[in-house]
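Visitor: Quick one: the structure is below, and I'll ask about it shortly.
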Amino acid sequence: MDQAAVTNSIDSLGATEWNALGVGTNPFTRHEFLAALEHTDCVGARTGWEPQYLTLRDARGVTAAAPAFLKNHSYGEFVFDFAWAQAYERVGRRYYPKLTLAAPFTPATGPRLLVRPDIDRLAASARLLEELERHAAAHELSGIHALFLDEAGRAACARRGWLLRRDCQFHWRNRGYASFDDYLETFTADKRKKARRERRRVAEAGVRFETRLGGELDDALLDHIYALHRDTFVRHGHEPYLTRAFFSEIARTLPESFLVKLAIYQRAVVAVAIFFVSSEALYGRYWGAAADYHSLHFEACYHQGIELCIERGVARFEPGTQGEHKVSRGFEPAITWSGHYIADLRFRAAIADYLQREGEAVDAYALEVQGHVPYRGRRTLAVMP
């Protein structure tokens, strides 16, 4: 049987070996992304995200792994369990610390149970979950929470008997459009007119856009990009999750995955939209602006991203959490999944009952919103991926 181990730093695991574990093109579970978070103090004991990478090994090396973090709070997860923690506290029980399987600060679906291609995926995934449960019991953790699961991870959690939770985001799907105008032709007439007017307002204000990959960003421009992004967080009353040093490291180590759209007025950068990109998906992350232009946020964060996906043949665009305003711009409801192992049997039963009712409400909401997409004809609800 493979030997299980837990390590508190991704640097103890080789980048090539880790990235060979079925990470695929997802940038957020790559060694480089996780290492950048560690190196620049975005995760660690100080932030309440302590790495606890679980690995299985055979004679050839790592066979499977899970990016896990010991948490003493629930911030930066985007799958909200604050009410569960409060319920524990009301009866004198301890909810924190808990174990979270996630790409930190990243509400994007991706692999959480990583398996080497030559290994039986079903068996290795089951073993990872079993070892995670054993680790949680040994350290008296209240539970384990696997967030934004891909289909393989969701199925593995279901087979293991973990509780499944669903939520609704808004994603854009590329149906082979030849151009942005070709895409708009699928809209109803009034929605198409509104989208064109929105884009025209930005252009008429004299704002143009440039696309830059990480390798094309120097320190001065990264300083400006970070300051714009930070200002958005500060306006909402807190500091950003990511540090300035993270931006420099990720631009260097994942230069083809880190992408920004610069909004330029005359010769000055007045706004920025920050993305990550793979061959399969574009992920919207952050935005910031130094000036107020009509419709600039929608253009920078949504229309520019859609246009980039069409130009590059990228299959989908995940712009982040929340925001029904995305629907009128072509984003559709998409169901996302998380898996939860609750150690206490009584709380497990109570949470299971809650999730049943919550899930029915999420499904009803997604179906209702699906009726308001701007497209001609009916579209089916997406389950990601």
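Quick note: the coordinates plus some simple rules give every number you see, no bench work behind them. Everything numeric here is computed off the predicted structure, so don't read it as measured data. Don't worry about glycine lacking a Cβ; one is built from the backbone with ideal geometry, like all the others, and counts go over all protein chains shown.
Visitor: Could you work out [θ]222 nm for the chain from helices alone, using -39500 (n - 2.57) per DSSP H run of at least four and dividing by all its residues? Round to the nearest 500 deg cm²/dmol.
Guide: About -11000 deg cm²/dmol.
Visitor: Let's see if you can work this out: charge +1 on each Lys and Arg Cβ, -1 on each Asp and Glu Cβ, no other charges. What is the dipole magnitude of the chain about its Cα centre, in debye to the nearest 20?
Guide: The dipole of the chain has a size of about 980 debye.
Visitor: While we're here: Report, ordered by chain and residue number, the lysines lying within cross-link reach of K98, taken as a straight Cα distance under 25 Å and ignoring same-chain residues fewer than 8 apart.
Guide: Result set, ordered by chain and number: K71.
Visitor: Can you put L217, L355 in order, fewest other beta carbons within 10 Å first?
Guide: With the fewest neighbours first, L217, L355 line up as L355, L217.
Visitor: Give me the compactness ratio for the chain, meaning the Cα radius of gyration over 2.2 N^0.38 Å.
Guide: The value comes to 1.01.
Visitor: Can I get the semi-axes of segment 175-314's equivalent ellipsoid? Compute them from the C-alpha gyration tensor as square roots of 5 times the eigenvalues, in angstrom, largest first.
Guide: 26, 19, 13
Visitor: Turning to a different aspect of this structure: How high is the relative contact order of segment 175-314, given as a whole-number percent (alpha carbon pairs under 8 Å, six or more residues apart)?
Guide: 29 percent
Visitor: Would you mind checking the radius of gyration and Dmax of segment 244-385 based on alpha-carbon positions, in Å?
Guide: Cα radius of gyration and Dmax of segment 244-385 are 18.9, 62 Å respectively.
Visitor: Which one, G288, Y177, F187, projects farthest toward the positive side of the charge dipole computed for segment 175-314 from Cβ point charges (K/R +1, D/E -1)?
Guide: The residue sitting most towards the positive pole is F187.
Visitor: To continue, here is another question. Over all alpha-carbon pairs in segment 89-188, figure out the percentage whose distance exceeds 18 Å.
Guide: 61 percent
Visitor: Calculate how steeply helix 219-235 sits against the longest principal axis of the alpha-carbon atoms of the chain, using the helix alpha-carbon long axis, and give the answer as 0 to 90 degrees to the nearest 10.
Guide: In the chain, helix 219-235 runs at an angle near 80 degrees to the longest axis.
Visitor: Another question about this same structure. For A64, enumerate residues with amide H under 5 Å from its amide H, sequence gap 5+ or separate chain, H modeled in the peptide plane.
Guide: The answer is L56, R116.
Visitor: To one decimal place, what Kirkwood hydrodynamic radius in Å is obtained for segment 19-97 from all pairs of distinct Cα atoms?
Guide: 14.7 Å
Visitor: Roughly how many debye, to the nearest 20, is the charge dipole of segment 175-314 about its Cα centre, given +1 on each Lys and Arg Cβ, -1 on each Asp and Glu Cβ, and no other charges?
Guide: Once rounded to the nearest 20, the dipole reads 520 debye.
Visitor: For segment 141-146, just list the computed ³J(HN,Hα) in residue order, Karplus coefficients 6.51, -1.76 and 1.60, θ = phi - 60°, integers in Hz, with x standing in for Gly and Pro.
Guide: 8, 6, x, 10, 10, 9
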